[in-house]
Amino acid sequence: MIRRYSAKLLLTSLLLIVASAINASIKLPAIISNQMVLQQKSKVALWGWSDAGEKVTITTSWNNKSTIVSADNSGKWITYVTTAAAGGPYTISFKGTNEVKVEDVLLGEVWLASGQSNMEFFVAKTRNGSYTGVLNYEQEMKEANFPLIRQIDVANKNADEPQQNFKGDWKVCSPETVDTFSAVAYYFAREVHRATGFPIGIINSTWGGTTAESWTKKEVLESDPDFKVLVDRYNEQVQSYPKENDNYKLALDTWKQDTTKPKPAAPIKPNPDKSPYRLYNAMIAPLVPYTLKGVLWYQGENNASRAYQYRKLFPALIKNWRSDFRNQNLPFYFVQISPHRSQNPEIREAQLLTYRTVAHTGMAVTTDNGDSLDIHPRNKKLVGERLSLWALHNQYGKKNLIMSGPLYKSMKVEATKIKIQFDFVDGGLVTKDGNELTEFTIAGDDEKFVAAKAAIIGDEVVVWSDAVVKPVAVRFAWRNIPKPNFYNKAELPASPFRTDSWKGVTEGKNQL
């Protein structure tokens, strides 16, 4: 009996030792895995988990150097290693009580692509047995043989507290895998890869129908009264919903007994997918501090009704991410919202103002890529390529490239006309169709805008109307679905703008 008990105790002890060894094993975050891309010629972060105090030796094959780091009391360890020039494939070894090897590692350029559905939009996707995707997706998929372009998808998830990891795997771009690549990010990566030869890594952290505050750290939102109202409102909904829902169910039961009365309205259920800070916690925090070259951003549609607030919120998000990724000059290139019946001009203005006021940003204008009925224009190639112009010019030395169409700079009133000056007049200002300029309006101090005539004179546009004797302000493409024909000779469209600062329709709106 004693022998049997001793044998059983010994077996239990052995199992505990094995279990302990398993728990002590080095574990890496999803982003540090096979087929990853690390930023070339940089000090890049590598991190993971093991036993508290355990020493981990990290060896990188591009220079055969080793770094030793010790896990803290929570078991987490982090270190920084220096990468070589673009190339690969390489191997990284992590050795402690066990050894983990990450293979097929490339050194190149790493870009984080984020935002809502227009950035999430796949090259091709099956829905109910039929494909939807970019224009000419079948041909695009066949030609997508780019083994030096890789993408990792951050799984859609929200969380109340910052998370340390996510589910996802790096995928090599091929005709078999590109269907689920972010289309905008893919076209961006393809252009940069073709122009430089560098491997490109895309981190795709996107979720359709989301707001900018969802992607912003809680502490940032709570530090500004204009944003704190979003957090307070969400908390209020979370706390009050259970009671409101119980009351609704009782009222609904009563109504069923007498349907001649008005049916009670259901309470608004808090949506964690669109709530403040929760996507940041689950889909951005786990990426920090992975070393990035820059950020690609396509979002704003769900903030259009609060465009004035977006003027502050978007720059706050950029500052937040730059702080987290430890790069105050991190390039942040974004897409101006395309024409659509639900998208007012003030959201485009908020984006233009962000470009004007936040350093190291760039904006891809897409007034020629809208669809009045579909919020998801399918020509993502145009969008990705226009984003790439900013990166190729600013980060990759292609100084001959023009980055943008005309952007409003200043105005001057001369008698009955107003002269408008622009940036990015490179090569001259033109109308794409050869007709007279369209989408210009003009107003006097009565703030009533009327259709205006406009003409290109050198590098300026002169605007006037016989109906406005003393003009004070001009607006261009200032409506939900503009159809302008104003470009520069690089065939890039001008951004919508206004010269006035009169009260807009979204001013003062700061809640969901």
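The values are calculated or read from the model by the stated rules, or taken from the named source; none is laboratory data. Being a predicted model, the structure only gives us computed values, none of them experimental. When we count neighbours, we look across all protein chains shown, and the Cβ atoms used for this are built from the backbone with ideal geometry, even at glycine.
Things worth noting here:
- Of the helices (runs of 4 or more DSSP H) that lie entirely inside segment 107-210, those containing 2 or more residues that are of a type in the set (V, I, T), modelled with pLDDT of 95 or more and out of contact with any Gly (no Cβ under 7 Å at 6 or more places or on another chain) span 183-196.
- Residue count, segment 183-237 (criterion: more than 14 Å from the chain's Cα centre (by Cα), under 24 Å from F325 (Cα atoms) and of a type in the set (S, T, N, Q)): 1
- Pairs with Cβ under 7 Å, 6+ apart, first in segment 418-439 and not assigned by TED's automatic domain parsing to the domain that holds A490 and surrounded by 14 or more Cβ atoms within 10 Å (Cβ to Cβ), second in a loop (DSSP other than H, G, I, E, B) and of a type in the set (A, V, I, L, M): none
- Positions within segment 454-475 being buried (at least 18 other Cβ atoms within 10 Å of the Cβ) and not in a strand (DSSP E or B), in sequence order: S465, V468, P471
- Condition broken by V430, with the remaining ones in (1) over 30 Å from P162 (Cα atoms); (2) assigned to a loop (DSSP other than H, G, I, E, B) satisfied: (2)
- Residues that are modelled with pLDDT of 95 or more, in a loop (DSSP other than H, G, I, E, B), of a type in the set (F, W, Y) and exposed (fewer than 14 other Cβ atoms within 10 Å of the Cβ) do not occur anywhere in segment 476-488.
- Each residue in segment 262-296 was checked for being farther than 28 Å from V81 by Cβ and in a strand (DSSP E or B), and 0 of them qualify.
- Within segment 297-351, being in a helix (DSSP H, G or I), of a type in the set (S, T, Y) and surrounded by fewer than 24 Cβ atoms within 10 Å (Cβ to Cβ) holds for S305, Y308, S323.
- Qualifying residue in segment 371-394 (condition: of a type in the set (F, W, Y) and either in contact with a Ser or Thr (Cβ under 7 Å, 6 or more places away or on another chain) or surrounded by fewer than 18 Cβ atoms within 10 Å (Cβ to Cβ) (or both)): no
- Annotation for segment 74-90: no member residue is part of a strand (DSSP E or B) and in contact with a helix residue (DSSP H, G or I) (Cβ under 9 Å, 6 or more places away or on another chain).
- Look at segment 377-400: where a residue is in contact (Cβ under 8 Å) with a residue 24 or more places away in the chain and a partner is surrounded by fewer than 16 Cβ atoms within 10 Å (Cβ to Cβ), sitting 6+ places away or on another chain with Cβ atoms under 6 Å, you get P377/D371; R378/L135; N379/L135; L392/A195.
- Residues of segment 128-183 classified as crowded, with 19+ Cβ neighbours inside 10 Å, of a type in the set (A, V, I, L, M, F, W, C) and under 16 Å from I284 (Cα atoms), total: 3
- Counting residues in segment 445-452 that are aromatic (F, W, Y) and either under 30 Å from E191 (Cβ atoms) or touching a residue at least 40 places away in the same chain (Cβ under 8 Å) (or both) gives zero.
- Members of segment 34-67 that are small (G, A, S), within 17 Å of Y90 (Cα to Cα) and either assigned to a strand (DSSP E or B) or in contact with a Phe, Trp or Tyr (Cβ under 6 Å, 6 or more places away or on another chain) (or both): A45, S61, S66
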